[in-house]
1. Ranking request for peptides 260-273, 212-225: highest mean number of other beta-carbon atoms within 10 Å first, then the rest in descending order.
2. So how do 226-235, 127-136 stack up, highest first, on mean other-Cβ count within 10 Å?
3. Please report the antiparallel percentage of DSSP beta bridges with both residues in the chain, rounded to the nearest 5.
4. Suppose we look only past 20 Å in the calculated P(r) of region 42-163. What percent of the Cα-Cα pairs does that tail hold?
5. Taking 8 Å as the Cα distance limit and 6 or more residues as the minimum spacing, I'd like the relative contact order of the chain as a percentage.
6. Relative to the longest principal axis of the C-alpha atoms of the chain, give the angle of the C-alpha long axis of helix 281-290, reported between 0 and 90° and rounded to the nearest 10°.
7. Once the piece of chain linking ARG147 and THR206 is laid out straight, how much longer is it, given 0.36 nm per residue of separation minus the C-alpha distance between them?
8. Dipole magnitude of region 170-290 about its Cα centre, charges +1 at Lys/Arg Cβ and -1 at Asp/Glu Cβ only, in debye to the nearest 20?
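Laboratory data are not the source of any read-out in this text; all were calculated from the coordinates shown. Keep in mind that this is a model prediction, so the values were computed, not measured. Every residue, glycine among them, receives a Cβ derived from its backbone with ideal geometry; neighbour counts consider all protein chains shown.
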Amino acid sequence: MEQRIGIIGIGRMGTPIAARFVDGGLAVAVHDVRAEREQAARDCGAEWRPSACAVAADAEVLITVLPGPAEVAAAVTEEVLAALAPGATWIDMSSNAPAAAAPLRERASARGIGVLEAPIGGSPADAASGSLRLFVGGDGELLARHRALLELVADPRRIALVGGPGAGYTVKLLINLLWFGQAAATAEALLLGQRAGVDLNVLRDTLAESAAGSDFIRRDLSSLFAGDYLASYPLDRIHDQLAVVASMAAELATPHTITERVRGLHQEALERYGPVDGELLAVALLEEQAGTRLRG
């Protein structure tokens, strides 16, 4: 297993990931553009470095855990790639976009740096417990080489090689599209059922065991019924990801009427609530439009 790990991005996900690597006996150096994250890095046992280049300089594996494409492009500069030794590997765990990541991957590959994308499925708690899901795009042999490292933060059964470069980002985006779409469709159904006089708890339990059942209904509705809009991810980032999916569908000439409606609903929610945390704020907007709340 690699002994020198560099991480750029010590936020909600990057911090517990760094802690898992430290607990696994690895030397971990980190950097974040927010200098105030230094203490959190030191608290988890990682070594703070003053720049991304300093992190890359002696890293066998460089890992980026950043909010989106713009942050990845700003972090993985020519200087950072030049600091990495030929034969090193860059693993991007960010919520990136295939088109935005492609030029960075090509520049890294041209320098002899291996590249894997491994966008994350899961929460900070999952990262802390080492039970993340990873949607990996890239070379299978390179994944095999780094599997033991990734298994420190992810369930071994949930490290899925979904295809070549770009496939990991695409699969994660599609999963997000379907989850947010299911949340909105389920909320509309529940609002209608409630207005028609059906008890919400009965409706939830019936739907969960029906052909319309989903993980969202079985796992996440309880939070919504308790008034929790899942403040673990910002609304503007959600909209950005949905916009990338809609753009990909338009470019590849596939139907995207529903995709565009899901994106548009989240744009309306963003305009209403601003760039605040809340994965279910589009549902909050539907509740507001209906003049009632979904509370079990």
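1. 260-273, 212-225
2. 127-136, 226-235
3. Just about 15 percent of them are antiparallel.
4. 42
5. Over the chain, the number comes to 13 percent.
6. So the helix axis and the longest Cα principal axis differ by about 10 degrees.
7. Here the answer is 17.2 nm.
8. For this selection, approximately 200 debye.
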